Amino acid sequence: MLEQYIEQKLAPLIDRLAELEEQLESGARRGRNAIQMGTVAKVVGQRVVIAIGKARTPPIKWFACAAGDVIECRYPSVGELALVLNYGSGDRNTSSIALVGIPSDQFPLPSADQNKVVRKIGDLGMEEWDKKTGKLTVTAPGGVEFVTSGVHSTGELSDATRSMSEDREIYNGHDHPHGEPTVGKPNQKQ
């Protein structure tokens, strides 16, 4: 009888402890789901699906460097590392965003030189700024196209043959040895 009495008096306390234990576990699960590391499993339109272990997020947005009146667009690559921030702290990652751009063994940094700012684009393209010298090197085997009203340089321009100033010297110094009498040098300088 005393046992039943004690059980009866402790029952609400035991129920409340079970409730608190469930709340703690739920909070711990939400905390574990708040920030998770995964890899891009696929790109779906303008969203990505991230593999976190055996689980997959629904298609979620990814972080871009700029998305206002200046927009920078770069679609993540399948296999790229992603940090998933679950700002809704739900279990299903529906309120999540993927932070991509984390170097990995599959996608290592293209330079170990801290003075280089490098943007590697696929297997062919690259932009490389040298912070010490100020030199920009652009690798574009498919060519470079400027859609602009003009291009101005304050320095020398050259191609695989010679510089613009060397070309001007040739033009300005040439004559026309044809005809009778020989035609002289050009009247206008280039």
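Just so it is clear, none of the values below were taken in a lab; they were calculated from the coordinates. Predicted model only: the values in this text are computed from it and were never measured. Every residue, glycine among them, receives a Cβ derived from its backbone with ideal geometry; neighbour counts consider all protein chains shown.
Relative to the longest principal axis of the Cα atoms of the chain, the long axis of helix 164-173 makes an angle of roughly 10 degrees.
Distance between the C-alpha centers of the stretch 55-77 and the stretch 133-166? Whole Å please. Going from one Cα centre to the other spans 32 Å.
Exposed loop sites were defined as GluC sites (Glu not before Pro) in DSSP loop states (anything but H, G, I, E or B) carrying at most 10 other C-beta atoms within 10 Å; in the chain the longest segment without such a site runs 73-144. Other residues whose C-beta falls under 14 angstrom from the C-beta of residue 82 contribute a net charge of +4, scoring Lys and Arg +1 and Asp and Glu -1. Each Lys or Arg adds one and each Asp or Glu takes one away; over the other residues whose Cβ falls under 15 Å from the Cβ of residue 108, this sums to -1. Entry note, the chain: relative contact order of 12 percent, from Cα contacts under 8 Å with a spacing of 6+ residues. Maximal additional length on extending the residue 83-residue 106 stretch stands at 6.7 nm, based on 0.36 nm per residue less the C-alpha distance. Other residues whose C-beta falls under 14 angstrom from the C-beta of residue 127 contribute a net charge of +3, scoring Lys and Arg +1 and Asp and Glu -1.
Would you kindly state the longest site-free stretch of the chain, with sites defined as chymotrypsin sites (Phe, Trp or Tyr not before Pro) in a DSSP loop (not H, G, I, E, B) surrounded by at most 15 other Cβ atoms within 10 Å? Of all site-free stretches, the longest is 1-62. Note that the stretch 74-122, at 10 °C in a medium of 1.306 mPa s, gets a Stokes-Einstein diffusion coefficient of 123 µm²/s from its Kirkwood radius over C-alpha pairs.
Taking the Cα centre of the chain as reference, the dipole from Cβ charges on Lys and Arg (+1) and Asp and Glu (-1) amounts to some 260 debye. In the chain the longest region clear of trypsin sites (Lys or Arg not before Pro) that are loop-assigned by DSSP and have at most 13 other C-beta atoms within 10 Å covers 1-53.
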